Amino acid sequence: MIFYEPGRHKDQGFRHDPFKAFVSPRPIGWISTVDADGRTNLAPYSFFNAMSFLPPVVVFGTGTKPDGSPKDSQRNVEATGEFVCNIVSEALKEQMNETSAHLPHGDDEMAKAGLRGAACQKVRPLRVAAAPVALECRYLETVKLPSWNEPAGNYAIFGEVIGVHVDPAIVEDGLVDVTRYRPVSRLGYFDYATVTEVFQMMRPD
Ligand SMILES: Cc1cc2nc3c(=O)[nH]c(=O)nc-3n(C[C@H](O)[C@H](O)[C@H](O)COP(=O)(O)O)c2cc1C
């Protein structure tokens, strides 16, 4: 086996730290928020996952700007207590990527990417109307993580899912068929994957 300590990958001939290639595929939380003045923000986060089921809790991990100030998603979630996780279908991958551009605070990535927003039921941020699934979330807490690049920092932001929007076109006989929308996931480097086939396994007990 090759062994390396994080940060020392070059000693073993890796051109970039392959960590993100190993913890893959990672779902993408396409986070929509509003700022204190109600202005829409949208950005993808692949340090994203579900952490519990009853109730459903999701988390996304965010870095900061180099000076340690928060990215707009973190700033808005902490200011308003709400966010929406839109799920990225294969059809939306280009728009998802476009919304990762670093625009000035208050500029609307949703509109810039040509996406239409739709009202949520229990939170103020708009969901991406074309997303097959959107999770309305109530902010729970922020956990500060270690940083090797201070003053830049890393934070994990938790939210409880309090409402779920589902495109009926992905539902068959009461079950969701993910191959109908092919969720986009992040691998390492600039690599992505979609889910195109599924299989079942029953648990031993
Ligand atoms: C597929 C993808 C996944 C990303 N995942 C993350 C992530 O997990 N954490 C992070 O801090 N930035 C991530 N980014 C970069 C942010 O999307 C980018 O910094 C964005 O401008 C942040 O926007 P905001 O300031 O509106 O929150 C990702 C970008 C892409 C394209």
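Principal axis analysis of the Cα atoms in segment 1-83 yields extents of 51, 37, 15 Å, listed in decreasing size.
Sequentially through segment 167-174, phi angles give Karplus couplings (6.51, -1.76, 1.60; θ = phi - 60°) of 5, x, 5, 9, 9, 9, 6, x Hz, Gly and Pro residues having no value and appearing as x. According to the Cα-based calculation, Rg over Rh for segment 104-149 is 1.09, with Rh computed by the Kirkwood formula.
Under 10 Å from the Cβ of ILE157, count the other residues' Cβ atoms, weight Lys and Arg +1, Asp and Glu -1, and hand me the total.
Local net charge: -2.
The charge dipole of the chain, taken about its Cα centre with unit charges on the Cβ atoms of Lys, Arg (+1), Asp and Glu (-1) only, comes to about 220 debye. Can you give me the Cα centroid spacing of segment 147-205 and segment 34-83 in angstrom? Cα centres, segment 147-205 to segment 34-83: 16 Å. Rounded to the nearest whole Hz, the Karplus-based 3J(HN,Hα) values (6.51 cos²θ - 1.76 cosθ + 1.60, θ = phi - 60°) of segment 138-152 follow the sequence 9, 4, 9, 6, 10, 10, 7, 10, x, 9, 8, 10, 4, x, 5, with x at glycine and proline. Any idea what % of Cα-Cα pairs in the chain are farther than 29 Å? Tail of the P(r) past 29 Å holds 27 percent of the pairs.
Taking Lys and Arg as +1 and Asp and Glu as -1, the other residues whose beta-carbon sits under 13 Å from that of PRO183 total +1.
Treating each Cα of segment 1-43 as an identical point scatterer and summing with the Debye formula, the log10 of I(q)/I(0) at q = 0.18, 0.20, 0.21 Å⁻¹ comes to -0.65, -0.70, -0.73.
For segment 59-205, the number of Lys pairs separated by eight or more positions or lying on different chains, with C-alpha atoms closer than 21 Å, is 4. Working note: 222 nm ellipticity from helices only, DSSP H runs with n ≥ 4, each -39,500 (n - 2.57), summed and divided by the residues of the chain, gives -2500 deg cm²/dmol to the nearest 500.
Phi angles across segment 22-32 convert, under the Karplus curve 6.51 cos²θ - 1.76 cosθ + 1.60 with θ = phi - 60°, into 3J(HN,Hα) values of 7, 8, 8, x, 9, x, 10, x, 9, 8, 9 Hz, Gly and Pro given as x.
We did not get these values from a lab; they are worked out from the coordinates using the rules stated. From a predicted model like this one, the values you see are computed outputs, not experimental measurements. Glycine gets a Cβ as well: all are built from the backbone with ideal geometry, and neighbour counts include every protein chain shown.
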